[in-house]
């Protein structure tokens, strides 16, 4: 019997219509500078009326080996009725997406705002260094430094050190998964929970979904470029560490409770499902959502049934973890 050729599930009508005039992104060194402004973010985010934000610049944070990160820029989101309140509050470090080569801490306010409003969590979104100018492990160590700063509560946010989670989208999800592994292995900073939205986890391009040439938005070409940029001299090697490409981790035991969500028409679908499966097999509480008809980057098309469901799933998960 001849095996049928794997095919992508259909896009939902919402996304099929939106993508008709939306060319696939094929990143390369030649077009990166022109592409970056597309994900520069907004300094005038639309937020719920009871959520406010401010930017802070944090001095370099210590990392193992006696070194320090450079100065860190973070955007803090908090609920207005909690400002000045000394009661311990849960907090989250937020890591934006962009294939490791684009994006900004200004992104994702459409998701962060409702999350802060509905749960009361304080969110710190980090502006990490991008590849290829800053390959692995620069961004990861910056995220670790930001997590250390958040836990130390130098900003006087009344952060509860026992209720700090991390969240990331796409490449930010990859950094988030790597940060959870790094924090577990170093044993210095406990992480309470992890949110991975369409995470970019595997540099090897070995799954069926990662090889589909007709994947919309984040194409196989862009994926290869993003990973090569981030891994630098490690690119293409067999010894890429799990803290660079979390799908390579062979021991997922002891990681925090994790939510993973991904679209069914996303090149990351199979690696994300596999990661969720292996987390569960390692005894890690894991919640997995696969959204039918949704491509990678489904949030950029505004309010759809999928974006609303995803937002609800994330808010409910975080609310349970901080209760």
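Each value in this text was obtained by applying a stated rule to the coordinates, not by laboratory testing. This is a predicted model, so every value here is computed, not measured.
Taking 8 Å as the Cα distance limit and 6 or more residues as the minimum spacing, I'd like the relative contact order of the range 212-323 as a percentage.
On the way: 118 pairs, mean separation 28.8, N = 112.
Relative contact order of the range 212-323: 26 percent.
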Whole-Å distance, taken between Cα centres, linking the range 161-211 and the range 233-305: 8
10 Å binning of all Cα-Cα separations within the range 8-64, expressed as whole percents from 0 upward: 14, 22, 31, 25, 9
Bins of 10 Å from zero: percent of alpha-carbon pairs in the range 53-107: 17, 38, 35, 10, 0
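Taking all pairs of distinct Cα atoms, average 1/r, flip it, and tell me the Kirkwood hydrodynamic radius of the chain in Å to one decimal place. Write down the numbers at each step before the final one.
Numbers: mean 1/r = 0.0506 Å⁻¹.
Here the Kirkwood hydrodynamic radius works out to 19.8 Å.
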Mean ellipticity per residue at 222 nm, deg cm²/dmol - from DSSP H runs of n ≥ 4 across the chain, formula -39500 (n - 2.57): -9000 deg cm²/dmol
DSSP beta bridges in the chain [antiparallel fraction, %, rounded to 5]: 35
Top of 59, 178, 29 by mean-square fluctuation, Gaussian network on the chain, Cα under 10 Å: 29
Gaussian network model of the chain, Cα within-10 Å springs - most flexible of 293, 254, 302: 302
Relative contact order %, the range 107-256, counting alpha carbon pairs below 8 Å whose residues are six or more apart: 24
Gaussian network model of the chain, springs between alpha carbon atoms under 10 Å - residue of 209, 261, 12 with greatest fluctuation: 12
Cα long-axis angle, helix 171-186 against the chain (0 to 90 degrees, to the nearest 10): 60
Relative contact order of the chain, pairs being alpha-carbon contacts under 8 Å that are 6 or more residues apart, as %: 19
